[in-house]
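The values are calculated or read from the model by the stated rules, or taken from the named source; none is laboratory data. Predicted model, so just to flag it, every value in this text is computed and none were measured. Positions of Cβ are backbone-derived with ideal geometry, glycine not excepted, and every protein chain shown enters the neighbour counts.
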Amino acid sequence: MAKEGHKYIFVLGGVMSGVGKGVVASSMGLLLQQKGYPVNLVKIDPYLNVDAGTMNPTEHGEVFVLRSGLETDQDMGNYERFLDRDLTNEDYMTSGMVYQSVIERERALQYGGKCVEAIPHVRDEILKRIEAAASYNGGRVSVVEVGGTIGDFQNALFIEAARVMKMKYPDDVLFVMVSYLPVPGTLGEMKTKPTQSAVRALNSYGIQPDFIVARSTHSIDEKRKEKLAIQCNVRADRIIAAPDIKSIYEVPLNLDKDHLGDELLEALHLPKKHATSLIEWKKFVISATNTKAPEVNIAIVGKYFDTGDFILSDAYLSVIEAIKFSAAKLGRRPKITWVNAKEIERGGGKAAAALGKYDGIIVPGGFGETGIEGKIKAIQYAREKKIPYFGLCYGMQLMVIEYARNVLKLKNAHTTEIQKNSEDPVVDIMLEQKKHLAGNKYGGTMRLGAYPCYLKKGTMARAVYKKEMVDERHRHRYEINPKYIKPLEDAGLVFSGTSPDSVLMEIAELPRSVHPFMLGTQFHPEFQARPLAPHPLFTEFLKSAIARKKKK
Ligand code: GLN
């Protein structure tokens, strides 16, 4: 059931994809929150995958893991970062999820012998989920982003559900169309026609947009605002300029300049309250976009490098953002270089030595064999040359394998992910994971979501977090093999973070007396880094990187 008077803003995309609907939705969330109205951000992904966990990050970007363990689209990461709040399962849906519920219900004879159809049954399942998010999360306004573009076949049922919401709650539903206005080079002038056509397409669904967010290389001028207003039946003051800018975190500030927050309140019939200041956010944006700040050079050694830079940075989105937040806090400008692990593999010691020019090295999460020996070489180089190293999930497992091979002298140490019958399986499949793999049950079966981690006294991790217990998010099937813990510790590796029952090794590190910063986490700290609350491990890693730069 919907909550009485709850407000809904549907964000729909016009003309083309990739124009930043998610950032606009997040920014509206931040603005409304700042104006005193708690917000739920809900993402609808029209694909048939039940969750984002089975998708290749080079094609779909990073898989973002919620606290609950649900594997979602990278937009959910942006939502959490803008709202500075954890989202829940209710805030995310895919066509796959929706259809799965309907089909399960049909199999359980819960439709009372009726013919089960897209309209009304699938549509009503969508409505139920949108309303469930509203009542579950205690917000006052739900901003619901419908993935894809108006006119797509895949998202039509979701748009139809949005239309029905407006029928049910005429005073409580708004439509915001985020559209693209091209400025063709040959003309040098902004064109409104594609957006006019997109509005007409939306009208054919029975929906009239209340706002148009005009995404373009430039700010839309008054003349074109007027033109769009007349042609599209949208008030000129509700056509909002959204030109390209340096940082996505500037977007809410920019939209605020066009009074989007206040306009939304008016359109939703919500009274103005005392707004909290955006000053902290502004300070962060100023620091994050300061082109004069001294650089800190970080190499990310990974494998998803085959489809060009654009996609690449999406595959590691939260890692990049986490670096940015900590760098902004430290007044530095991060320069990230993508180093292809396959090339280090091919180039051997010489290629690894080229890493000496960086201030810090990260090996992020990953799966499979590609580039693995290159990553291990990079880690060895970082350890031996005392270059700050931060390993995230796979990056922690490989750090332990490197230590076992080169310090413990277990030359064949490996992970059973790659070598099933490894002589020294230092990283091994978790017991409960074996049955999932045996049954080909890949979707949603890893160790997922937040788990508590106990931090040992006297370690770097404990000193950095300044806490005894932390909660961090996971996404993995393999773990440090308990058989090797004692020998590894005897050889100098410190397991500074463990599950509360001491069974699972969550953080491995070298003492600071041996190395300035050599630490790996079995979890993904990047998922909990926020603009105004950078992650302490990323901050400490960058501090060490800056100290190295100074020494050089
Ligand atoms: N492939 C490793 C595992 O499944 C690491 C996963 C990751 O880096 N997210 O355990």
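When residues of the range 132-155 are filtered for being charged (D, E, K, R) and in contact with a Phe, Trp or Tyr (Cβ under 9 Å, 6 or more places away or on another chain), how many remain?
Number satisfying all stated conditions: 2.
Consider Thr186 against the criteria (1) within 29 Å of the chain's Cα centre (by Cα); (2) in a loop (DSSP other than H, G, I, E, B): it satisfies all of them except one. Which criterion is unmet?
(1)
Residue by residue, here is whether (1) in a loop (DSSP other than H, G, I, E, B); (2) in contact with a Pro (Cβ under 6 Å, 6 or more places away or on another chain) holds:
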site	(1), (2)
Ala463	no, no
Lys486	no, no
Gly492	yes, no
Gly497	no, no
Pro511	yes, no
Gly520	no, no
Ser544	no, yes
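When both residues are 6+ apart or on different chains and their Cβ atoms are under 6 Å apart, which pairs have a first residue that lies in the range 55-66 and is of a type in the set (Gly, Ala, Ser), and a second that is buried (at least 16 other Cβ atoms within 10 Å of the Cβ) and part of a helix (DSSP H, G or I)?
Gly61/Gln74; Gly61/Asp314
Would a scan of the range 385-398 turn up a residue that is part of a helix (DSSP H, G or I) and surrounded by fewer than 24 Cβ atoms within 10 Å (Cβ to Cβ)?
no
Residues being exposed (fewer than 14 other Cβ atoms within 10 Å of the Cβ) and without any contact (Cβ under 8 Å) to a residue 12 or more places away in the chain: count how many of those fall in the range 80-102.
Selection size over the range 80-102: 0.
Taking the range 148-168 as the region of interest, how many residues are of a type outside the set (Lys, Arg) and either surrounded by fewer than 14 Cβ atoms within 10 Å (Cβ to Cβ) or out of contact with any strand residue (DSSP E or B) (no Cβ under 7 Å at 6 or more places or on another chain) (or both)?
10
Quick test of your reading of the structure: Val319 fulfils all but one of (1) over 17 Å from Pro388 (Cβ atoms); (2) within 16 Å of the ligand (Cβ to nearest atom); (3) in a helix (DSSP H, G or I). Name the failing condition by number.
With respect to (1) over 17 Å from Pro388 (Cβ atoms); (2) within 16 Å of the ligand (Cβ to nearest atom); (3) in a helix (DSSP H, G or I), Val319 is out only on (1).
Taking Gly365, is it part of a loop (DSSP other than H, G, I, E, B), within 16 Å of the ligand (Cβ to nearest atom) and crowded, with 24+ Cβ neighbours inside 10 Å?
Here the answer is yes, as Gly365 does meet what is asked.
Do we find a residue being within 16 Å of the ligand (Cβ to nearest atom) and crowded, with 24+ Cβ neighbours inside 10 Å anywhere in the range 344-355?
Checked the range 344-355: no residue is within 16 Å of the ligand (Cβ to nearest atom) and crowded, with 24+ Cβ neighbours inside 10 Å.
Just to verify a result, which residue in the range 465-484, among those that are assigned to a strand (DSSP E or B) and surrounded by fewer than 18 Cβ atoms within 10 Å (Cβ to Cβ), is nearest to the ligand (Cβ to nearest atom)?
Ranking the candidates gives Asp471 first.
With the condition kept exactly as written, say whether any residue in the range 155-175 is among the polar types (S, T, N, Q), in a strand (DSSP E or B) and either within 30 Å of Leu109 (Cβ to Cβ) or modelled with pLDDT of 95 or more (or both).
no
For every residue, the table says whether it meets (1) outside any helix (DSSP H, G or I); (2) closer than 26 Å to Ala214 by Cβ; (3) at pLDDT below 90.
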position	(1), (2), (3)
Asn254	no, yes, no
Lys273	yes, no, yes
Val285	no, yes, no
Val301	yes, no, no
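So in the range 428-448, with the set limited to residues that are in a helix (DSSP H, G or I) and not aliphatic (A, V, I, L, M), which one is nearest to the ligand (Cβ to nearest atom)?
Gln433
Out of the residues in the range 409-427 meeting the condition of being part of a strand (DSSP E or B) and either of a type in the set (S, T, N, Q) or surrounded by fewer than 20 Cβ atoms within 10 Å (Cβ to Cβ) (or both), tell me which one is nearest to the ligand (Cβ to nearest atom).
Among those that are part of a strand (DSSP E or B) and either of a type in the set (S, T, N, Q) or surrounded by fewer than 20 Cβ atoms within 10 Å (Cβ to Cβ) (or both), it is Thr415.
Using the structure shown, decide if Ile130 is within 27 Å of Asp171 (Cβ to Cβ), surrounded by fewer than 22 Cβ atoms within 10 Å (Cβ to Cβ) and of a type in the set (A, V, I, L, M).
No; evaluated as a whole, the condition is false for this residue.
Using beta carbons and a limit of 7 Å, which pairs, at least six apart or on different chains, have the first residue in the range 458-484 and within 22 Å of Phe517 (Cα to Cα) and the second one of a type in the set (Lys, Arg) and more than 15 Å from the ligand (Cβ to nearest atom)?
Met460/Arg512; Arg462/Lys456; Arg473/Arg67
I'd like to check something: does the range 390-406 contain any residue that is within 16 Å of the ligand (Cβ to nearest atom) and acidic (Asp, Glu)?
Yes - at least one qualifying residue is present in the range 390-406.
Restricting the search to the range 325-343, which residues are assigned to a helix (DSSP H, G or I) and either touching a residue at least 60 places away in the same chain (Cβ under 8 Å) or surrounded by fewer than 22 Cβ atoms within 10 Å (Cβ to Cβ) (or both)?
The answer is Phe325, Ser326, Ala327, Ala328, Lys329, Leu330, Lys342, Glu343.
Which residue, of Asp244, Asp258, Asp171, Asp221, is surrounded by fewer than 22 Cβ atoms within 10 Å (Cβ to Cβ) and closer than 29 Å to Val122 by Cβ?
Matching residue, one of Asp244, Asp258, Asp171, Asp221: Asp171.
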